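Right, I'll just put the structure down here and ask away after.
Every number here is computed from the coordinates shown, using simple stated rules; none is lab data. Note that the structure is a prediction, hence the values are computed from the model and not measured. Cβ sites come from the backbone with ideal geometry, for glycine too, and all protein chains shown count toward neighbours.
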Amino acid sequence: MTVQNNGMDVMTAIFQRRSVRHFLDAPVDRKIIMESLRAASWAPSGLNNQPWRFALIWDGELKEQLAKLTRYAAVLRGAAVLIPVFLDKEASYDHIKDVQAVGAAVQNLLLALHSKGLGAAWIGEILKNQERVLDVLDLPERLQLMAVVAVGHPAHRNQSSHRQSLEELIIFEK
Ligand SMILES: Cc1cc2nc3c(=O)[nH]c(=O)nc-3n(C[C@H](O)[C@H](O)[C@H](O)COP(=O)(O)O)c2cc1C
């Protein structure tokens, strides 16, 4: 595998990345999306079963149909591209581990997009309508929706977030 040295230090990307929910009305380079999906596909998975599958939605009408399925409609409408991420049940061997692996792929995707200067939001709220997402995209039942990642050029970088301290998070050390 070839690694291009044009990204960002991984710790910088982890600490700088924020969920971006407001985007410029500007197209994104498909090559950056494909490179970021390649990063997603290099996530770890149990038995290396790679249960993740991705859809790419550039079409405005399809975006609108998906936007109607979530209260984060404005985020989906404003994105240059939507990336629904699925777990392929036919590739699955252990549901919990497969869901974890798809989560790792989504995080790789978010970090890669950030390192390339793009912004993204992980939209989970739309999962309440996962069957309707499959209908809109005319995709088979064996695909279980895990997230829709909304991607675009950030309209601003004012996002702030917070995390609990390590003292609260580490519950055992001996
Ligand atoms: C499983 C999951 C589901 C999420 N669903 C949504 C969502 O539906 N809408 C949204 O705006 N953000 C969603 N987020 C993003 C979180 O709100 C965000 O990651 C969290 O507030 C921390 O902010 P940060 O990403 O800027 O660090 C989701 C994140 C995860 C991991």
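About its Cα centre, how strong a charge dipole does the chain have in debye, to the nearest 20, once Lys and Arg get +1 and Asp and Glu get -1 at the Cβ? Show your work: numbers first, answer last.
Working: 20 positive and 19 negative charges, 77 e Å.
Approximately 360 debye in magnitude.
Pick out which of R21, R163, R53 has the largest mean-square fluctuation in a Gaussian network model of the chain, springs linking Cα atoms closer than 10 Å.
It is R163.
Also, quick follow-up: Rg/Rh for the chain: what does it come to with C-alpha atoms and Rh from Kirkwood? Mind dumping the intermediate values first?
Details: Rg = 16.5 Å, Rh = 16.9 Å.
My calculation of the ratio gives 0.97.
Still on this structure, please answer the following. Report the paramagnetic label zone for W58: residues of the stretch 13-35 whose backbone N is under 16 Å from a point 7 Å from Cα along the Cα-to-Cβ axis.
Under cut-off, by backbone N: 26-35.
Set the Förster radius R0 to 35 Å, insert the Cβ-Cβ distance between L24 and K174 as r into 1/(1 + (r/R0)^6), and round the FRET efficiency to 0.05. List each step's numbers first, then the result.
Details: r = 50 Å, r/R0 = 1.44.
So, using R0 = 35 Å, E works out to roughly 0.10.
Continuing with the same structure: At a Cα cut-off below 29 Å, give the lysines reachable from K89, other chains included and same-chain residues fewer than 8 away excluded.
K31, K63, K68, K97, K128
I would also like to ask the following. Taking loop as defined by DSSP and a crowding limit of 14 other beta carbons within 10 Å, which trypsin sites (Lys or Arg not before Pro) in the stretch 57-120 fit? Intermediate results must be reported in sequence, preceding the final value.
Values: sites: K63, K68, R71, R77, K89, K97, K116; in loops: K68, R71, K116.
Answer in residue order: K68, R71.
Based on DSSP H assignment, which helices of the chain show an axial Cα extent of at least 24 Å together with a mean Kyte-Doolittle hydropathy greater than or equal to 0.5? Before the final figure, lay out the partial values.
Numbers: long enough: 95-115 (30 Å, 0.67).
For the chain, where a helix must reach 24 Å along its axis and average at least 0.5, the hits are 95-115.
Looking at the square roots a ≥ b ≥ c of the eigenvalues of the Cα gyration tensor of the stretch 119-174, which shape do they give, rounded for a/c under 1.5, prolate if a/b is larger than b/c, or oblate?
Cα axes put the stretch 119-174 in the oblate bin.
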